[in-house]
Amino acid sequence: MFYKILSIGLFFSLCPTASAQGSFQIKGVVLHVKDLTPAQGATIVGKDHFAVTSETGAFTINNVAEGTYSFTISHIGCEPKTISVDVDSNLGEVKVFLHAMATVLDEVKVSGKTKKRAIMEVPIVSHTVSEEFLNQNRENTLMQTLSKIPGVSTINIGSGQSKPVIRGLGFNRVAVVQNGIKHEAQQWGNDHGLEIDQHGIENIQIIKGPASLLYGSDAIAGVVDIQPNAIPYPNSFSGAVNVLGESNNDLLGVSAGVQGRKEKWFYRARLTYRDYGDYKVPTDQINYENYIFELHENHLRNTAGREANASFSVGYVSDKIKSETFFSNVNSKNGYFANAHGLEARASSIDFDSSNRDIDLPYQTVNHFKVINSSTLALGEHTFLFDLGFQTNYREEHTEPSPHGYMPTPSNSKERVFHKNTFSLNVKDSFKPNDKHDIVTGINAEYQDNKIGGWGFLIPEYNRFTIGAFAYDQYEIHSNFHLLAGIRYDFGRIRSKSYFDWFPSTIDNADGSTSYVYLQRAQDKTLDFGNISASAGLSYINNNTTYKVNVGKSFRMPLANELASDGVFYSMYRYERGNLDLDPEESYQLDVDIDHTTKSFSLGVSPFVNFFQNYIYLNPTSEYNETQQVYEYTQAKVFRFGGELRASTKLFHNLRLDASAEYVYARQTSGPKKDFTLPFSPPLSGLLSANYQFNKLLFFEKPQLIADFRITAAQEEIVPPEEKTDGYQVLNMSFLSEIDVFKNNLPLEMRVKLNNVFDTKYFNHTSFYRLIDVPEAGRNISLSITVPF
Amino acid sequence: MKFTLKHFYFLSLILLTAACSSDDSIDKDQEKPTISVNYTAGFPQGCAMLTKGETYNFRAMVTDNQALAAYSIDIHHNFDHHTHDDQVAECDLGAIKSPVNPLIFIENYTVDEGLTSYEFNIPVTIPDDIDAGDYHCSYSVTDKTGWQSRTSIDIKIVE
C-alpha cells in the first residue's frame, strides 16, 4: 500500500563539521531500519546533485553551497523518501533509515492492466472506494461513511448502527459481502445495524444495480463488496493505532492493527473498541403518536452503546497458490431511544437521565463471529477460487417487561433472541483460453439455520438452503470494446417451524361461551423457489470517456418473516402478518454509465430504469388485530428510475471542487398501494465539496481543508405510515494533516471534523427514528489521530 | 470531447424530462383520518372518573377525507405510570402499584363502507371485580388507504 508510507528516520548528529570555504560537503549513510545493514546502491537525487551509496551505505556530495536542499533516496524494495537538508557550518553526518515496502502495490495481472483499467472494461456499473476515502470521510459507522457516495444512503438506528441503502432500496435487497462471503445477520430488521468493523478496510466495491448473476439472491438492488486487503510485502511489518474522540455522543474509540509477512506466510490482526454516550439532537422535545417527551439536555436518552471487535487472519502466498483464513468477531451493545420502544411510549421508573453513558432497557446486544477461508489456485489458463465460510450471529433484544393485551407481564426483559448460523461455499473457475475471452463459471451454496427465543414473537424459526450455478463470459471485441454476458440458476428451500403463544388469549365463541387458546403464530411449512437471473452489458472506452450499458435480471427469495410473521411488532406499534403465497421478487434493470475524466476535470452520469415484477412490500392495511394496525406482506409491480450525476474539477492546483447529485423515483403500479412510492425513498439530494490543499502550515504537513455542503430536497412522496420530510442544508467541515512528531518516524495523521456546523435541526427521511420525529444529530466535533509504525 | 458533452446533455435531458414528467396529478389519498373527543358528547374526557358497575358510552368523532375503515378501543391500566396522554389536562395519578386483576378491554370495529364522518358509540360496563386506579383509554382509527390516527386519554376507575 503505497499510501501507507513507511518513512525513514532522519537524524542529525550533534558533532559539528567546520568548513573554511563557502561550499560544503554533505556526508551521510543510508541504512535499512529493520536490521541497520547498509543499503548499497541507493540513489540520492537532488535538483543539481546526485550520489550512489557505497558498500557501507555511505555517500558524499561535494561542492554544495549554503542553503536548504531536498533529496530523494531510493533503493530497491524500500519506500523512497524525500528529505530536506539544511546545509551550513553545523551540518553533521546525515543518517537515512529506509523502511522496506510494506505491501505489494497491487495484484499484478499478467496482462499488465491496471485495476482502474480493468474496472473500466467491465460493463457492470460499480464504484470503487479506497482506504484514503474511508479515512478522510470516516463517520460513526461504515455505512454513514459510504453515504457520501452518490446513490448510497443509510438507514441509521441512532448514532452507532446503520444499514446500507442503494438507490432507495435496502434491507435484504442489498447484499454485503466481506472477503467473498455474504454477510448474514438479521438484515430484514428495522433496528438491525451492519455488524462489520469499519477500521482496517482498504477496498470496497459498490455495485449500484442488480447483481444476482454474481452474488445470487438478495443482490437485487446492489452490493457492498468489502474486498480482502492487499497482501503485505515480503519481510515486512507495519501497523497503526487510531484514536478517535467525538463531542456529540462523547465517543471514544481506539483501533489498532498490525500486519506482517515473512516470505510466503503473512498475518494481520486488529482490535477495535468504541464506547459512546447518548447522542444529542437540536431539540428539547419530541412528539410521537400523540405522546410528548421532554429531552434532558438535548440527549436522545438511552442511545449510548459500545462495540468491541477483534479480527485475525493468516495467509500463505506463492506463485500458484494464495490462501487466507480470516477470523473476526464483532460484539456490540446499544440502547434504543427509551421513549419509543416497547408497546407504549414509556416513562419508566428507570432514571435514564442520571447518566448519558449507561445503557438501560430497552437495548440490544449483538455478537457476530465469522471464519472464512479464501483460496485461489492458478493452474495454466484456469484460476480456481474457493471461499468457505461459517458465521454465527447472536442477537438479543431486551425491553422492560410489560403486559400487553392478553399477554401477562413477562418474567424477564428478554423480548427477542435471534441466533443464526450460516455456512457458505463458493467455487469459481476463471478460464482464459486466449486474450479475447475470460469465461467464469461457478457455484454458490449456503445453508442458514435460524433459531428464536424470548417472549415476543415476530418471526418463526426456519432454515434455508440455497444453491446457484452461474457462467459468464467477458469477451474483448476490441481492446476498447468489451462484452459481458452471463446466466444463472438458483434453487432455494425454506422450512419454517410452527410457533404457539406461551400465554392464552381470550376468544369469544359464536355460541356465547369463552375459550382460552394458545394461539398458533406460525406453521410447519416447506417452500421451494427457483429462479433464473441474467445480465448482459457492453463497455466502450473512447480516449478519456468510458461508456457502459448493462441490462440485468435479478431476484430475491422471500424471507421467513415475509412468509410467516404473525405477531405484534412492539417497537413499531403494529401487527405484522406474513404471506405464504409470496413469489421470489424479480427485478429488471437497465443501467447506463458515462464517465469522462481528464487531468483537470471529470464528469459522470449514471442513470437507471428499473422494473419490479413483484416487489414484496409490508402494506399497512385498514384492519386491526387486538387494537394493533395490521401490516401485511403483499406484492406489487414497481417502476423506478433515477441516477447520479458527478463532476469534479481542480482549480489553481490547490483547490478541488466536487459536486454530485442523486435522485430516485419509485412508484407502485399495482396492488393496494398503487400510485404510492416505496417506503424509505430517499429525496433528491446534492453534495458540494471543496478541498483546499495548503502548503506546509506551521507544523502541519500536507494540510487539507474540506467543506461538504449537502442540499437535500423535501420528500413529498410518501406511503403510509410515513410523514413528509422537509428539505435541509447541512455543512460539514474537516481539516486533515500529517504531523512529524518523532523526527525519525512516520508522521502522525490527524483529522478534525466538524459535522453539522450550524447545529441545524433537520430530519433524514430514511432514518429509523424519522417515524417518531427524531431529528438528526446536532453539531459534532471529532478528532482522529492515527499513529503508524 | 464535443461528442462526449453532447451525450451528457442528451442523457441529462432524458433524466430531467423523466423527473419532471412524472404524473403527480393522480388522486392518491395522502391524508390521515382524524379522531376527537373534544366535543360535548365525546367520552371519556381527560381525567374522567368511571365508577365500577356503571355502563358508559365511549364516544368519539372520526373523520377522513375519503373513506373510514375501522377503529379500535383499548383500555389498559397505567398503574406503573408508564406515560401520560396527549390531552390538555394533566391528571393526578394514584400511587404506583402492581396489577391483580386489571381491566383489559381490547376491541376492534369496522365502519360502514364509504363514510367520511362517523361518531362511534360503544357501551362498556365497568366490571365490579377489577382493580380500581389509573387507566388509559386509547382510540385508534384507520382509513381505507391504511393511514392511522391514535389518541389516548387518562382516566380513573373508582369504587
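The values are calculated or read from the model by the stated rules, or taken from the named source; none is laboratory data. Quick caveat, the model's predicted, so the values are computed rather than measured. Using ideal geometry, Cβ is built from the backbone for each residue, glycine included, and neighbour counts are taken over all protein chains shown. In case anyone asks, the SASA skips ligands and DNA or RNA and just uses the protein heavy atoms, side chains included. Shrake-Rupley method; radii C 1.70, N 1.55, O 1.52, S 1.80 Å.
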Next item on the list: Please give the number of the condition residue A:261 fails out of (1) more than 21 Å from the chain's Cα centre (by Cα); (2) touching a residue at least 60 places away in the same chain (Cβ under 8 Å).
Entry: (2)
Next item on the list: Those residues that are of a type outside the set (Val, Ile, Thr), within 14 Å of another protein chain (Cβ to nearest Cβ) and touching a strand residue (DSSP E or B) at 6+ places or on another chain (Cβ under 8 Å), I need them from region B:113-132; list them, please.
Entry: B:115, B:118, B:120, B:131
Checklist line | Candidate set: region A:750-769, residues that are of a type outside the set (Phe, Trp, Tyr) and more than 22 Å from the chain's Cα centre (by Cα); chosen: the one most open to solvent (accessible area, probe 1.4 Å) | finding: A:761
Next item on the list: Tell me which of these residue A:676 doesn't satisfy, since it passes every other one: (1) at the interface with another protein chain (Cβ under 10 Å from one of its Cβ atoms); (2) among the hydrophobic types (A, V, I, L, M, F, W, C); (3) under 29 Å from residue A:748 (Cα atoms).
Entry: (3)
Check: Within region A:384-410, how many residues turn out to be free of Cβ contacts under 8 Å to residues at least 40 places away in the same chain, open to solvent by 40 Å² or more (accessible area, probe 1.4 Å) and over 23 Å from the mean Cα position of the chain (by Cα)?
Finding: 2
Check: Going by the structure shown, is residue A:255 over 30 Å from residue B:33 (Cβ atoms) and outside any strand (DSSP E or B)?
Finding: no
Next item on the list: Test residue A:546 against the stated conditions and say whether it is within 14 Å of chain B (Cβ to nearest Cβ) and within 30 Å of residue A:439 (Cα to Cα).
Entry: yes
Next item on the list: Filter region A:620-670 down to residues that are β-branched (Val, Ile, Thr) and either farther than 27 Å from residue A:578 by Cβ or open to solvent by less than 30 Å² (accessible area, probe 1.4 Å) (or both) and give me whichever is nearest to the other protein chains (Cβ to nearest Cβ).
Entry: A:627
Notebook entry, point to check: Which of the residues belonging to region A:370-383 are open to solvent by 30 Å² or more (accessible area, probe 1.4 Å) and either under 23 Å from residue A:422 (Cα atoms) or in the same structural domain as residue A:179 (by TED's automatic domain parsing) (or both)?
Noted result: A:371, A:373, A:376
Next item on the list: Would you check if there is a residue in region A:269-287 being more than 30 Å from residue A:754 (Cα to Cα), open to solvent by 20 Å² or more (accessible area, probe 1.4 Å), part of a strand (DSSP E or B) and modelled with pLDDT of 95 or more?
Entry: yes
Next item on the list: Specify which of the listed residues (A:500, A:457) is of a type outside the set (Asp, Glu), open to solvent by 70 Å² or more (accessible area, probe 1.4 Å) and over 30 Å from residue A:376 (Cα atoms).
Entry: A:500
Item checked: Criterion (crowded, with 18+ Cβ neighbours inside 10 Å, touching a Phe, Trp or Tyr at 6+ places or on another chain (Cβ under 8 Å) and not in a strand (DSSP E or B)) met by exactly one of A:309, A:302 -> A:302
Notebook entry, point to check: In the list A:417, A:440, which residue meets the criterion of being of a type in the set (A, V, I, L, M), under 30 Å from residue B:78 (Cα atoms) and buried (at least 16 other Cβ atoms within 10 Å of the Cβ)?
Noted result: A:417
Next item on the list: Out of the residues in region A:326-345 that are within 13 Å of chain B (Cβ to nearest Cβ) and out of contact with any helix residue (DSSP H, G or I) (no Cβ under 7 Å at 6 or more places or on another chain), state the one that is modelled with the lowest pLDDT.
Entry: A:344
Margin query: Name the single residue that is most open to solvent (accessible area, probe 1.4 Å) among those in region B:126-147 being more than 14 Å from residue B:37 (Cα to Cα) and either of a type in the set (S, T, N, Q) or touching a helix residue (DSSP H, G or I) at 6+ places or on another chain (Cβ under 8 Å) (or both).
Written below: B:145
Next item on the list: Hey, could you check region A:161-186 for residues that are in a loop (DSSP other than H, G, I, E, B) and either touching a Phe, Trp or Tyr at 6+ places or on another chain (Cβ under 6 Å) or in the same structural domain as residue A:426 (by TED's automatic domain parsing) (or both) and say which is nearest to residue A:712 (Cα to Cα)?
Entry: A:186
Checklist line | Within region B:148-159, tally of residues that are within 7 Å of chain A (Cβ to nearest Cβ) and surrounded by fewer than 23 Cβ atoms within 10 Å (Cβ to Cβ) | finding: 2
Note to self: Which of the strands (runs of 3 or more DSSP E) found entirely inside region A:558-629 contain at least 2 residues meeting this: within 26 Å of the chain's Cα centre (by Cα) and in contact (Cβ under 8 Å) with a residue 24 or more places away in the chain?
What the structure shows: A:585-597, A:601-625
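Take residue B:123 and decide whether it is open to solvent by 20 Å² or more (accessible area, probe 1.4 Å), more than 27 Å from residue A:719 (Cα to Cα) and part of a strand (DSSP E or B). If you could, list the steps in order and put the result at the bottom.
Working: open to solvent by 20 Å² or more (accessible area, probe 1.4 Å): yes; more than 27 Å from residue A:719 (Cα to Cα): yes; part of a strand (DSSP E or B): yes.
Yes: the conditions hold for residue B:123.
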Check: Just wondering, is there one or more residues in region A:555-564 that are open to solvent by 20 Å² or more (accessible area, probe 1.4 Å) and basic (Lys, Arg)?
Finding: no
Next item on the list: State whether the residues of region A:543-554 include one that is assigned by TED's automatic domain parsing to the domain that holds residue A:595, within 24 Å of residue B:107 (Cβ to Cβ) and part of a loop (DSSP other than H, G, I, E, B).
Entry: no
Notebook entry, point to check: Considering only region A:524-543, how many residues are away from chain B (no Cβ under 13 Å), farther than 27 Å from residue A:638 by Cα and free of Cβ contacts under 8 Å to residues at least 60 places away in the same chain?
Noted result: 3
Notebook entry, point to check: Restricting attention to region A:651-670, which residues are over 16 Å from residue A:610 (Cα atoms) and modelled with pLDDT of 90 or more?
Noted result: A:655, A:656, A:657, A:658, A:659, A:660, A:661
